[in-house]
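Here's the structure, in structure tokens; my notes come after.
The values are calculated or read from the model by the stated rules, or taken from the named source; none is laboratory data. Only a predicted model underlies this, so the values are computations on that prediction, with no experimental measurement involved. Here the Cβ positions follow ideal geometry from the backbone for every residue, glycine too, while neighbour counts run over all protein chains shown.
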Amino acid sequence: MASDAPEAADALPPYDGIRLADVRLVKTAADAQDALAALLAADAIGFDTESKPTFVKGESSDGPHLIQFADDRQAWLFQVGDAFPHLATVKAILESDMTLKIGFGLSDDVKRVRAKLGIEPLKVVDLGVVLRVPGQKNDLGAKSAVAKYFGQSLTKSKKISTTNWAAQRLNDKQILYAADDAQVALRVYRHWIAAGNVLPPVKPPRPPRPPRTQRAPTPRA
């Protein structure tokens, strides 16, 4: 997600995020089918990912380790391990051209999903870019957006954000943090659209680069 500069937002009343009871950890095929049906029935959904942080210089992340989706009522979390039985479900959601995927700072999330899972997300809307105003240098982050549009303070704990997202068992704080990351974007989008704003045309995905062909060596005379 896009970063937020420290500001007076912390003095605002707290943002009332999603309830733990409304978050689903996708474990079974039935869970995945429920998520697929609900998410593809929506015109827009929240989307984000989390990856296990790296602390060694030069070490690259093998994320995403968690993929989050949310509609207006619930959120679904898909844990991406060495075996990922729900790949087809996540692919169907992300590659649907009928449902907008809304989030903040999604360029890295899209790159990770593409590189690790071979998925090319369609209809991706990065609010960090869309909500920028003329003269604003940096993309808008979720915390700044919540302060601006809702007059509330979104808690973004660095301690939680840098936890082990590849853990087999996530704790309640991780679950709520991840679910809020997805749903808060959708809530901001709904508020922005209700105020009469119009979403600019969504850019198509970048076409894959053709494989490089090696030139045949020139035979010696």
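Of all residue pairs spaced 6 or more apart or on separate chains, those with beta-carbon atoms under 8 Å, a first member in the stretch 32-52 that is hydroxyl-bearing (Ser, Thr, Tyr) and a second member that is surrounded by 23 or more Cβ atoms within 10 Å (Cβ to Cβ) and assigned to a strand (DSSP E or B) are 49/66; 49/67; 49/68; 51/66. Test of understanding: among 167, 142, which residue is surrounded by fewer than 19 Cβ atoms within 10 Å (Cβ to Cβ) and under 21 Å from residue 76 (Cα atoms)? Matching residue, one of 167, 142: 167. The residue pairs whose first member lies in the stretch 113-127 and is in a helix (DSSP H, G or I), whose second member is of a type in the set (Gly, Ala, Ser), and whose beta carbons are closer than 6 Å, counting only pairs six or more residues apart or on different chains, are 127/185.
Any residue at all in the stretch 59-77 that's buried (at least 19 other Cβ atoms within 10 Å of the Cβ), modelled with pLDDT under 95, over 20 Å from residue 192 (Cα atoms) and within 15 Å of the chain's Cα centre (by Cα)? Within the stretch 59-77, one or more residues are buried (at least 19 other Cβ atoms within 10 Å of the Cβ), modelled with pLDDT under 95, over 20 Å from residue 192 (Cα atoms) and within 15 Å of the chain's Cα centre (by Cα). For the stretch 58-92, the set of residues classified as of a type in the set (Phe, Trp, Tyr) and not in a loop (DSSP other than H, G, I, E, B) consists of 69, 76, 78, listed by residue number.
Taken as a whole, the structure leaves residue 147 outside the set of residues that are under 13 Å from the mean Cα position of the chain (by Cα), touching a residue at least 60 places away in the same chain (Cβ under 8 Å) and outside any loop (DSSP other than H, G, I, E, B). Is it the case, given these coordinates, that residue 170 is free of Cβ contacts under 8 Å to residues at least 60 places away in the same chain and closer than 27 Å to residue 31 by Cα? So residue 170 does not fit the description; no.
Looking across the stretch 124-155, just one residue is among the acidic types (Asp, Glu) and either modelled with pLDDT under 95 or touching a Lys or Arg at 6+ places or on another chain (Cβ under 7 Å) (or both), and that is 139.
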